[in-house]
Each structure stands twice: as C-alpha cells, then as structure tokens.
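Colleague: The structure is given below, and queries will be raised subsequently.
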Amino acid sequence: MKPKLLDLFAGAGGFIQGDAIAFLAAHGHEYDAIHASPPCQASSALTKGTNKGREYLNLIPATRALLALHDVPTIIENVQGSDLRRDLTLCGEMFGLGVIRHRYFECSGFTAIAPEHVPHRGRVRGWRHGTYYDGCYLAVHGSGGGKGTVAEWQEAMGIFHTSNRKSIAESIPPQYARFIGGQIMQRLESEAAIRGLAA
C-alpha cells in the first residue's frame with residue numbers, strides 16, 4: 001500500500017478546506033508522514049515592513065506541538081525570520097529556478113540531507129528605492145516594482161497548476177517538496193523492508 005502524506009496549510013493545492021490545526025489533531029494519526037507550512041505573515045520581513053502595526057497569528061508553536069505527538073516523519077516549512085530549527089535550508093538556485101526563495105525546514109523523524117548551496121548568479125530583478133536593477137531572479141511577491149508577469153512567475157517557480165498571483169506568491173517551488181519527499185520515501189521504504197525481513 002502506498003504511504004499517505006498529509007500536507008497542511010496547502011492553500012491552492014488543498015483538497016480539504018478547513019482548520020488545519022483541527023484536522024491535524026483529529027486525523028494526523030492516519031498518515032505516514034506530515035508536512036506543514038503554517039502562514040508566514042507573522043515571521044516574514046516583507047510583511048513586517050509593509051504591514052507594520054498589524055498582528056498576525058503565529059501557528060508554528062501549535063503545529064509543532066501536535067506534530068510531536070506523531071511517530072512519523074514530519075516537516076514544518078517557513079520563511080527566513082521564523083522560529084524554526086534550521087535542519088534544512090533550500091534555495092531556488094539549488095534547483096536551477098528563477099527565484100532565490102530561501103525557506104527553512106524543521107524536520108523530525110528523519111535526517112534531511114541538503115544539496116550544496118551554490119552561489120547566487122546575480123540580482124533579483126526590479127525596483128529598489130527608486131533604482132531599477134536587471135537580474136536573473138524574480139521577486140515572486142507583491143504587485144509593484146517590476147515584479148514580472150504571471151507567466152514569468154510560473155516559470156521561475158516551476159508552478160503551472162495555477163495562474164493566481166497570490167497563490168503562486170504564497171507557495172514554495174514544487175522542486176522543494178519533491179526533494180524532501182524523496183528523502184522521506186527512502187526512509188519509509190527502508191522501514192518497510194526491515195519489517196518485511198522481521199516478519
């Protein structure tokens with residue numbers, strides 16, 4: 001039987017609409033691995049700068065506490081500035097993408113192995129304090145400052161299942177999920193093989 005992965009706070013990729021924390025509490029035990037991407041607004045430097053004075057709920061502590069109840073591989077993903085353990089940091093350049101998009105991953109129940117963090121090739125394209133900079137990366141957030149078209153964002157992120165700017169801006173590149181998912185599958189397959197030998 002194929003392993004089942006629960007992906008919480010999936011946004012545009014979600015099939016079940018509802019409270020992610022409540023779903024985890026009620027159904028987390030039904031899955032072989034759990035990935036969670038709590039909303040990043042409480043930790044994001046961009047939000048802190050543009051929406052100064054607004055309060056955002058930090059769901060990382062509640063998510064972490066519930067994940068600790070499950071003896072399966074778990075991952076929490078969030079932005080730089082969040083209070084995650086930095087077990088793994090991924091960058092778009094590691095996968096040849098048109099974004100930098102650093103993200104932290106707190107991993108439990110398996111050891112995540114990171115690819116080499118290669119040097120960035122140049123600047124992020126767009127306006128900075130009245131000066132326009134050309135660059136090989138796109139800033140996939142917001143709507144001003146020469147941020148790029150939806151098609152450019154899709155190509156830069158490797159996301160083609162949606163054309164909604166907000167959904168793309170709030171996503172992580174699918175290559176990140178494939179990379180971590182491959183490591184989780186190796187662990188689950190190894191455990192299944194050991195159980196098979198012991199039977």
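Each value in this text was obtained by applying a stated rule to the coordinates, not by laboratory testing. Computed from a predicted model, the values in this text were never measured in an experiment. Cβ placement follows ideal geometry from the backbone for every residue including glycine, while neighbour counts extend to all protein chains displayed.
Colleague: Could you tell me the convex hull volume per residue, in Å³, taken over the Cα atoms of the range 96-146?
Modeller: 108
Colleague: For the chain, give the magnitude of the charge dipole about the Cα centre (Cβ charges: +1 Lys/Arg, -1 Asp/Glu; no others), in debye to the nearest 20.
Modeller: It comes to approximately 640 debye.
Colleague: Kindly write out, for the range 162-167 in residue order, the coupling ³J(HN,Hα) from the Karplus curve 6.51 cos²θ - 1.76 cosθ + 1.60 (θ = phi - 60°), rounded to whole Hz, with x marking Gly and Pro.
Modeller: With the stated coefficients, the range 162-167 comes to 9, 10, 7, 4, 4, 5 Hz.
Colleague: As a footprinting exposure proxy, order 110, 15 by other Cβ within 10 Å, with the fewest listed first.
Modeller: So the residues, fewest neighbours to most, are 15, 110.
Colleague: Let me ask something else. Looking at the range 67-154 only, what percent of DSSP beta bridges run antiparallel? Nearest 5 please.
Modeller: Roughly 90 percent of the beta bridges in the range 67-154 run antiparallel, per DSSP.
Colleague: Still on this structure, please answer the following. Roughly how many whole Å is it from the C-alpha centroid of the range 118-135 to that of the range 179-194?
Modeller: 39
Colleague: Pairs on different chains or at least eight residues apart, Cα atoms closer than 21 Å: how many lysine pairs in the chain fit?
Modeller: Taking the chain as the scope, the lysine pair count is 4.
Colleague: Over the chain, what is the percentage of antiparallel beta bridges among all DSSP beta bridges, to the nearest 5?
Modeller: Here the antiparallel bridges make up roughly 60 percent for the chain.
Colleague: Could I ask something else about it? Scan around residue 7 for amide H atoms under 5 Å from its own, H built in the peptide plane at 1.01 Å from N, and keep only partners 5 or more places away or cross-chain.
Modeller: Here 35 satisfy the definition.
Colleague: Read phi for every residue in the range 62-71 and hand back ³J(HN,Hα) as whole Hz from Karplus 6.51 cos²θ - 1.76 cosθ + 1.60, θ = phi - 60°, with x for Gly and Pro.
Modeller: Working through the residues one at a time gives 5, 5, 4, 4, 6, 5, 5, 7, 10, 8 Hz.
Colleague: Rounded to whole Hz and in sequence order, give me ³J(HN,Hα) for the range 31-36 from the Karplus expression 6.51 cos²θ - 1.76 cosθ + 1.60, θ = phi - 60°, writing x for Gly and Pro.
Modeller: 10, 8, 7, 9, 10, 9
Colleague: Another question about this same structure. For the range 73-168, compute Rh as the Kirkwood radius over C-alpha pairs and then the Stokes-Einstein diffusion coefficient at 20 °C and 1.002 mPa s; write the answer in µm²/s, rounded to an integer.
Modeller: So the translational diffusion coefficient is about 145 µm²/s.
Colleague: When averaged across all projection directions, what area in nm² does the alpha-carbon convex hull of the chain cover?
Modeller: If you wrap the Cα atoms of the chain in a convex hull and average its projections, you get 12.8 nm².
Colleague: Would you order 101, 54 from fewest to most other beta-carbon atoms within 10 Å of each residue's own beta-carbon?
Modeller: 54, 101
Colleague: Same structure again: Answer with one residue from 130, 120, 146: the one whose Cα lies farthest towards the positive end of the charge dipole of the range 117-183, charges on Cβ with Lys, Arg +1 and Asp, Glu -1.
Modeller: Result: 130, furthest along the dipole toward the positive end.
Colleague: Let me ask something else. Between residue 85 and residue 166, with labels modelled 7 Å along Cα→Cβ, what's the label distance in nm to one decimal, could you check?
Modeller: Simple spin-label model gives 3.5 nm for this pair.
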